[in-house]
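The values are calculated or read from the model by the stated rules, or taken from the named source; none is laboratory data. Predicted model, so just to flag it, every value in this text is computed and none were measured. Counting neighbours? That spans all protein chains shown, and the Cβs are built from the backbone with ideal geometry, glycine included.
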């Protein structure tokens with residue numbers, strides 16, 4: 001199987017998964033949403049045989065997704081992705097890819113992001129492989145940038161985290177980060193309504209955190225300290241203990 005062909009087809013099939021299997025015959029749709037310049041609309045249509053059951057309107061959405069997953073898995077197997085470090089892979093065409101868990105309503109698989117969502121740059125063009133590392137949560141860094149992966153159904157987005165201060169950025173707990181300016185949630189980005197000085201979380205507490213106002217679940221204040229005292233007759237507990245209490 002031609003590796004060059006596979007590496008060109010790979011972004012197109014990834015696109016189909018991200019967009020929830022749109023109409024394959026809508027070439028204008030493909031033009032509007034394909035950021036990979038090597039994928040021409042006519043070439044994409046030729047790459048996916050329009051007589052194939054995958055594009056027949058008689059098939060259910062579930063069957064179309066199953067078929068697309070099978071093709072994506074076949075391409076990824078042929079591209080022979082090899083782990084470099086911390087979810088960063090390289091295939092036999094020389095592309096860098098960030099491995100993600102690809103969840104759909106009909107099953108899960110693995111996929112690889114090869115291009116930043118916030119620019120036309122590929123991972124090859126930006127990431128320094130030698131210094132690339134996982135900071136914790138969904139945050140990564142190399143000697144030049146902070147990076148963030150935002151998880152979604154049918155894939156996710158990998159981007160340079162330009163809002164962060166590189167020198168002071170660090171992860172706190174399981175799902176948050178902090179620099180000299182802001183508190184960050186892995187989902188919500190900058191948390192504007194928390195108290196910077198007292199905000200804290202810890203490993204094992206998951207998306208729970210606390211500050212002088214109370215206790216949080218992700219970016220939402222779910223219980224003030226006064227409400228906590230009324231319910232549990234205790235003034236304060238660690239974030240990890242709070243997460244256990246609230247889930248019981």
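Tabulated data for the structure shown
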{"read-out": "Hits in segment 201-239 (condition: surrounded by fewer than 16 Cβ atoms within 10 Å (Cβ to Cβ) and under 15 Å from residue 172 (Cβ atoms))", "value": "203, 204, 238"}
{"read-out": "Residue list for segment 96-113, restricted to those being at pLDDT 95 or above and touching a helix residue (DSSP H, G or I) at 6+ places or on another chain (Cβ under 6 Å)", "value": "96"}
{"read-out": "Long-range neighbours under 6 Å by Cβ, at least six apart or interchain, first residue on the phi > 0 side of the Ramachandran plot and touching a residue at least 24 places away in the same chain (Cβ under 8 Å) within segment 81-106, second in a strand (DSSP E or B) and surrounded by fewer than 19 Cβ atoms within 10 Å (Cβ to Cβ)", "value": "86/133; 86/134; 87/99"}
{"read-out": "Lone unmet requirement of (1) modelled with pLDDT of 90 or more; (2) in contact with a helix residue (DSSP H, G or I) (Cβ under 8 Å, 6 or more places away or on another chain) for residue 63", "value": "(1)"}
{"read-out": "Which listed residue is outside any strand (DSSP E or B) and in contact with a helix residue (DSSP H, G or I) (Cβ under 7 Å, 6 or more places away or on another chain), from 202, 226", "value": "202"}
{"read-out": "Tally of residues being buried (at least 17 other Cβ atoms within 10 Å of the Cβ) and either in contact with a helix residue (DSSP H, G or I) (Cβ under 6 Å, 6 or more places away or on another chain) or assigned to a loop (DSSP other than H, G, I, E, B) (or both) across segment 166-178", "value": "4"}
{"read-out": "Filter pass, residue 199 being within 26 Å of residue 216 (Cβ to Cβ) and assigned by TED's automatic domain parsing to the domain that holds residue 236", "value": "yes"}
{"read-out": "Odd one out for residue 173, checked against (1) in contact (Cβ under 8 Å) with a residue 24 or more places away in the chain; (2) within 30 Å of residue 93 (Cα to Cα); (3) touching a strand residue (DSSP E or B) at 6+ places or on another chain (Cβ under 8 Å)", "value": "(2)"}
